[in-house]
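The values are calculated or read from the model by the stated rules, or taken from the named source; none is laboratory data. Remember, predicted model here, so these are calculated numbers, not experimental data. Note that we place each Cβ from the backbone using ideal geometry, even for glycine, and neighbour counts take in every protein chain shown. Each accessible area value is taken on the protein alone, full model and side chains, heavy atoms only, with ligands, DNA and RNA left out. Shrake-Rupley method; radii C 1.70, N 1.55, O 1.52, S 1.80 Å.
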Amino acid sequence: RKEVEQDPGPFNVPEGATVAFNCTYSNSASQSFFWYRQDCRKEPKLLMSVYSSGNEDGRFTAQLNRASQYISLLIRDSKLSDSATYLCVVNEGGADGLTFGKGTHLIIQP
Amino acid sequence: SQTIHQWPATLVQPVGSPLSLECTVEGTSNPNLYWYRQAAGRGLQLLFYSVGIGQISSEVPQNLSASRPQDRQFILSSKKLLLSDSGFYLCAWDRGFNTEAFFGQGTRLTVV
């Protein structure tokens with residue numbers, strides 16, 4: 001069975017700090033990767049896609065390491081509003097659809 | 001733009017009662033549709049997915065069923081709810097391989 005593994009945390013980080021977490025995936029043939037953010041009692045929302053060349057969106061940087069089969073998310077200058085659960089997602093479409101990690105809980109402290 | 005609607009937002013049902021949750025997508029055609037459940041403090045569990053009208057695949061054996069009577073409509077049902085059916089139910093859609101998925105707002109079901 002294809003799996004996506006994440007450190008559940010919680011990561012307690014002071015405001016303004018940089019935080020990074022990884023996600024490993026088991027299927028070496030996986031093609032597309034995403035990070036989602038889920039606030040308490042809300043639906044997951046797409047944060048960013050993860051491309052082979054890596055991508056950056058403001059304070060957020062996502063990278064893919066195919067050789068080691070992991071993706072990472074880096075958050076710089078963390079804000080209180082970044083507190084949430086971050087879900088790593090692999091999409092293989094069709095019968096496999098979306099495979100979710102269980103999420104990493106991030107708490108930004110003032 | 002595409003939108004996904006899911007209702008109701010919250011539901012309290014007695015054990016043994018039936019269930020019907022509905023999800024509709026607007027602004028796209030022939031989406032892949034998914035039902036997930038998230039139990040308290042746990043990850044998302046895929047329940048059903050559909051690649052087209054009348055095509056339903058089940059990931060987990062249980063007392064739930066799903067139907068797709070129209071291209072952009074996905075329904076989750078049960079004839080008799082169990083206490084263990086309590087959870088946060090999420091509908092999602094995507095365009096297929098290599099595409100991101102979008103979620104409805106979820107239904108928080110409590111079986112009492």
Q: Inverting the mean 1/r over all pairs of different Cα atoms, compute the Kirkwood radius of chain B and quote it in Å.
A: 14.0
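How big is Rg to Rh over chain A, alpha-carbon atoms, Rh as the Kirkwood inverse-mean-distance radius?
Values: Rg = 13.4 Å, Rh = 14.0 Å.
Radius of gyration relative to Kirkwood radius: 0.96.
Can you tell me which of B:34-45, B:8-19, B:78-89, A:6-17 comes out highest on packing, and rank the rest after it, using the mean Cβ neighbours within 10 Å?
Descending packing order for the listed peptides: B:34-45, B:78-89, A:6-17, B:8-19.
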Q) Using the alpha-carbon centroid of each, what span in Å lies between region A:51-81 and region B:7-76? A) 31
Q: For peptide B:101-109, compute the average count of partner chain beta-carbon atoms within 10 Å of each residue's beta-carbon.
A: 3
Q | Relative contact order for chain A, counting Cα pairs under 8 Å that sit 6 or more residues apart, in percent | A | 38
Q. Within the protein assembly as shown, what is the number of lysine pairs with alpha carbons under 21 Å apart, leaving out pairs fewer than eight places apart on the same chain?
A. 5
Q) What total accessible surface area, summed over both chains, is buried at the interface between chains A and B, computed with a 1.4 Å probe and given in Å² to the nearest 100? A) 1800
**Q.** Selected from A:84, A:20, A:29 as most flexible by GNM, with chain A as the system and alpha-carbon contacts under 10 Å
**A.** A:29
Q | Dipole-positive endmost among B:84, B:7, B:51 within chain B (Cβ charges, Cα centre) | A | B:84
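Under a 1.4 Å probe, what is the accessible area of region B:9-73 per residue, stated in Å²? Working shown, then result.
Working: 3120 Å² over 65 residues.
With the other protein chains kept in place, region B:9-73 gives 48 Å² per residue.
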Q. For the pair residue B:30 and residue B:112, how long in nm is the line joining their label points, each one 7 Å along Cα→Cβ?
A. 4.6
Q. Taking the simple approach of a point 7 Å from Cα along Cα-to-Cβ for both residue B:70 and residue B:53, what is their distance in nm?
A. 1.1
